[in-house]
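Structure first, commentary second.
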Amino acid sequence: MPTKNIIPCYKQEVAKSFNKAASTYDDFSQFQDNVLTNLKGMCPEGDFKLSLDLGCGTGNAANFLSAFSHRLVSLDLSLNMLQKSQQKSPSSFVVCGDAEALPFQNGCFDFIFSSLSIQWCENLNSIGREVERVLQSNGDFLVSTLSQDSMPEIAHCWLQIDGHTHINHYPSYDELIAQISCAGLVPQQIVCEPMTMWFDSPKDAIDSLKKVGASVLVEEDERQIVTPAAWRAFLGEYEKLRTEKGIPLTYQLVYLHLKKI
């Protein structure tokens, strides 16, 4: 993730966006559900005493994680998301907190799971350090996130309109691996692959971001004022990308299984 020109009060903006989207998230989360399914398929076998769902959202992984965890803690930056999560999994213990400053003791978890949340952190090095700190020796960290060249369709279309991409810029594959494993977490399995979602209209593609809270821009120079005329022009450009499958929106995904040795 970039470390310069970060918007002021960034974490508050992220929390606000996801709080607002909590009521619509599950209706627009097909991409997130697909990624979650893939990440579940990489889950190590085990009977874990205490697991952490890091960036739990509305709790769609809770039942899966609870099946092999004696206790499950669900953490998110958004209170509204946590309320939804608690409704789905009343037995889990919910905590409102920041993944870059985990409010837990050293070595208390033997399994940490995180699907599509760490890309909202300002510093992946701090994620690696915090996960390593709260994991027990031989503990597992299973995570999915986005890497460079995600959402190229949106970037391309906005560049034609005003010269800005209007998207977040994610680290390259190599940068991501180096940053998140810097604390000594050892990769056990890595999968890097694209996923293209298809939509009936450009607006539907954008709603798939806005309605799940994923529309906060990290860098100030990408936060441009969008006039009605510019928005119409953008939708027109995006429409040009239509194929027989519909309007594409492509993500570059990295799935990681790391272990604290």
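The values are calculated or read from the model by the stated rules, or taken from the named source; none is laboratory data. Just so it is clear, the model here is predicted, and its values are computed rather than measured. As a convention, Cβ positions derive from the backbone with ideal geometry for all residues, glycine included, and neighbour counts pool all protein chains shown.
Quick notes
- Some residue of region 75-91 being over 15 Å from the mean Cα position of the chain (by Cα), surrounded by fewer than 23 Cβ atoms within 10 Å (Cβ to Cβ) and under 21 Å from V254 (Cβ atoms): no
- Among the residues of region 173-212, those identified as modelled with pLDDT of 95 or more, polar (S, T, N, Q) and under 26 Å from E130 (Cβ atoms) are Q188, Q189.
- Looking at region 172-241, the helices (runs of 4 or more DSSP H) lying wholly inside it that each contain 1 or more residues that are closer than 26 Å to S78 by Cα and in contact (Cβ under 8 Å) with a residue 40 or more places away in the chain sit at 173-180, 202-210.
- Residue match in region 135-142 (condition: surrounded by fewer than 18 Cβ atoms within 10 Å (Cβ to Cβ), at pLDDT 95 or above and out of contact with any strand residue (DSSP E or B) (no Cβ under 9 Å at 6 or more places or on another chain)): no
- When residues of region 1-19 are limited to those that are assigned to a loop (DSSP other than H, G, I, E, B) and of a type in the set (S, T, N, Q), the one modelled with the lowest pLDDT: T3
- In a residue-by-residue description of region 57-76, the property of being under 22 Å from L217 (Cβ atoms), hydrophobic (A, V, I, L, M, F, W, C) and part of a loop (DSSP other than H, G, I, E, B) applies to no position.
- Only residues that are out of contact with any helix residue (DSSP H, G or I) (no Cβ under 6 Å at 6 or more places or on another chain), hydroxyl-bearing (S, T, Y) and within 17 Å of G55 (Cβ to Cβ) were counted across region 115-144, and they come to 2.
- Restricting region 108-120 to residues that are outside any strand (DSSP E or B) and more than 16 Å from Y255 (Cβ to Cβ), the residue that is modelled with the highest pLDDT: C108
- Test result for E193, touching a Pro at 6+ places or on another chain (Cβ under 8 Å) and either surrounded by fewer than 18 Cβ atoms within 10 Å (Cβ to Cβ) or more than 28 Å from D26 (Cα to Cα) (or both): no
- Of all residues making up region 22-47, the number that are surrounded by fewer than 17 Cβ atoms within 10 Å (Cβ to Cβ), in a loop (DSSP other than H, G, I, E, B) and in contact (Cβ under 8 Å) with a residue 24 or more places away in the chain: 6
Okay, residues lined up against (1) closer than 25 Å to I206 by Cβ; (2) of a type in the set (V, I, T); (3) outside any helix (DSSP H, G or I):
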{"position": "E122", "(1), (2), (3)": "yes, no, yes"}
{"position": "S126", "(1), (2), (3)": "no, no, no"}
{"position": "V131", "(1), (2), (3)": "no, yes, no"}
{"position": "S137", "(1), (2), (3)": "no, no, yes"}
{"position": "F141", "(1), (2), (3)": "no, no, yes"}
{"position": "Q148", "(1), (2), (3)": "yes, no, yes"}
{"position": "H169", "(1), (2), (3)": "yes, no, yes"}
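- The number of residues in region 82-121 that are among the basic types (K, R) and either over 14 Å from S66 (Cβ atoms) or touching a strand residue (DSSP E or B) at 6+ places or on another chain (Cβ under 6 Å) (or both) comes to 1.
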